[in-house]
Amino acid sequence: MATRRGDTLIFSDPPVIASHAAVGGKKEGEGPLAAGFDELRADNSFGQSGWEAAEAELQLRAARLCLKKAQITEKEVSLVLAGDLQAQCTASNYAMRALGIPYAGLFGACSTMAEALGLGAALCSAGMADGLLAMSSSHFCAAERQFRTPLSYGAVRTPTAQWTATAAGACLLRPTGPGVGIRAVTFGRVQDYQIKDINNMGAAMAPAAAATLLHYLRDTHSEPQDFDAIYTGDLGHVGSQLFRELLAAEGLLLKNHVDCGCILYDAEAQSVKSGGSGAGCCAAVLCAHILPRLERGTQKRLLFLATGALMSQTTFLQKESIPAIAHLVELWAPKKEGTA
Amino acid sequence: MKMTAQEYARRVKKVGPHSPLGTDCLWAFGVGGGICLLGEVLRQRYLALGLEADLAGTLTSCTLIALSAVLTTLGLYQKLAARAGAGSLVPITGFANAVVSAAIEFKTEGRILGTGAKMFTIAGPVIVYGTLSAVVYGGVLWLLGG
């Protein structure tokens, strides 16, 4: 069962991530983490006629690969928690149409993966689900046409802008068994530091990441150095620096911070400006890079802190500032056989 | 948190890498000027073919628009624009790119409500305020007895 300390749920018997899968597109296949992906496609349309359908296919492939790796069928999954960036979460909805598993759609923008893991861990821990899929996706082309301009429209990207990843990550959660343990979860509170620049999401989201991390550290009486790494999701290079500055103002010096948006691409060589973003970015980095490291034992204990910007096109045009949220999960390397 | 929104805004300004203004301006100047030069070369060619000045001007605009539409369809115009910025946005070719790119992008939503309705999502405001400016300019000219 779980105990609650402040904003944090702590699982005495941590639910586990029994299997995971990451699927990516062309640019992700050219990036530094390509080797960790389970499937990479040079064709970003994934054989579909539209970008929205392509993203649904991307998520479906991640789900099926994850189940295949766990050697189970759809019938053995009790619930799917999934989300994406498309309006009304259609990529997840249409992927689930094909899977036919009980499904609850989530929206936390780019924080969706941590939100799904946190809720999934709570449900598994309470004995309400066994075999739960947590996943999220994003697609560069679907996001561009929804939030920005047509793909073939000529414009200069600002240096603070981030590149929406064409990627999906899926994790199968179980109450017990072998796998990376989800030790604790902190659900974030919405933060708004009056950033209005839609091309600087990292700046909008950094305060949310800092606030959730501070809550977690206070709730669990931990220090940043207790962890092998603190992974944030999609702050990019600009947001990462601001995140570290916000924490420095609190007297915390972060030496083990890594941002998923900064490692998915080679920012300079792949012209992604401030780095990667999108609900699929940190989900794919988690499944292709972070979880394998924990499984190999390279890292033992870390924090995965995914951030999301919660504005819409309408609120942006109405000159509203960008509210942001960050959810945190604490992950532990799998227990070695024979140890308690 | 200890840092206030005002202090944070100051940090954001400091941290955010700024656009390389000099390089951007040079690109815009070079490409924008290049497109205008191409227009002038075309106009001179049309004049040399014996066309009247009015017709030569109209044909030059049409040629540039067609060229931009073809380059947009081939996916080349946005590659140039990613560097050129205002240099490829301001000339008539930029306007053509705005219309054609939207027409291509939204064709998955159908000919009427996709391509037809959304073709002018970017170019629409230019037409609206261009027309409004023309009305104001015309009114001023009429008042001055021009």
Subject >> Restricting the stretch B:104-117 to residues that are touching a helix residue (DSSP H, G or I) at 6+ places or on another chain (Cβ under 9 Å) and open to solvent by 70 Å² or more (accessible area, probe 1.4 Å), the residue that is farthest from the other protein chains (Cβ to nearest Cβ) >> reply: B:Leu113
Original post:
Does the stretch A:190-203 include one or more residues that are within 13 Å of chain B (Cβ to nearest Cβ), in contact (Cβ under 8 Å) with a residue 60 or more places away in the chain and small (Gly, Ala, Ser)?
Top reply: yes
**OP:** For residues that are over 21 Å from A:Ile325 (Cβ atoms) and open to solvent by 20 Å² or more (accessible area, probe 1.4 Å), tally how many sit in the stretch A:207-236.
**Re:** 5
**OP:** Name, by its number, the condition in (1) modelled with pLDDT of 95 or more; (2) open to solvent by 80 Å² or more (accessible area, probe 1.4 Å) that does not hold for B:Lys13.
**Re:** (1)
**OP:** Identify the residue in the stretch A:62-81 that is open to solvent by 60 Å² or more (accessible area, probe 1.4 Å) and out of contact with any Ser or Thr (no Cβ under 8 Å at 6 or more places or on another chain) and, among all such residues, is nearest to the other protein chains (Cβ to nearest Cβ).
**Re:** A:Arg64
Original post:
Looking at the stretch A:145-166, is at least one residue part of a helix (DSSP H, G or I), at the interface with chain B (Cβ under 9 Å from one of its Cβ atoms), within 30 Å of A:Cys66 (Cα to Cα) and out of contact with any strand residue (DSSP E or B) (no Cβ under 7 Å at 6 or more places or on another chain)?
Top reply: yes
Original post:
Pick from B:Thr73, B:Thr121, B:Thr93: which is surrounded by fewer than 20 Cβ atoms within 10 Å (Cβ to Cβ), under 15 Å from A:Tyr153 (Cβ atoms), modelled with pLDDT of 95 or more and within 11 Å of another protein chain (Cβ to nearest Cβ)?
Top reply: B:Thr73
Original post:
Among the residues of the stretch A:226-236, is any in a loop (DSSP other than H, G, I, E, B), closer than 20 Å to A:Thr160 by Cβ and of a type in the set (S, T, N, Q)?
Top reply: no
Original post:
Name the residues in the stretch B:1-22 that are within 21 Å of A:Ala155 (Cα to Cα) and either more than 12 Å from chain A (Cβ to nearest Cβ) or in contact with a helix residue (DSSP H, G or I) (Cβ under 9 Å, 6 or more places away or on another chain) (or both), would you?
Top reply: B:Gly16, B:Pro17, B:Gly22
Original post:
Does A:Ser49 satisfy the condition of being touching a residue at least 40 places away in the same chain (Cβ under 8 Å) and either over 17 Å from the mean Cα position of the chain (by Cα) or surrounded by fewer than 23 Cβ atoms within 10 Å (Cβ to Cβ) (or both)?
Top reply: no
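Limited to the stretch A:249-273, what total is found for residues that are open to solvent by 10 Å² or more (accessible area, probe 1.4 Å) and over 18 Å from A:Ser222 (Cβ atoms)? I'd like the intermediate steps shown before the answer.
From the stretch A:249-273, those open to solvent by 10 Å² or more (accessible area, probe 1.4 Å) are A:249-258, A:262-263, A:266-271, A:273; that's our starting set.
Still in the list and also over 18 Å from A:Ser222 (Cβ atoms): A:249, A:262-263, A:266-271, A:273.
So the answer is 10.
The values are calculated or read from the model by the stated rules, or taken from the named source; none is laboratory data. Keep in mind that this is a model prediction, so the values were computed, not measured. Note that we place each Cβ from the backbone using ideal geometry, even for glycine, and neighbour counts take in every protein chain shown. With ligands, DNA and RNA removed, areas are computed over all heavy atoms of the protein, side chains included. Shrake-Rupley method; radii C 1.70, N 1.55, O 1.52, S 1.80 Å.
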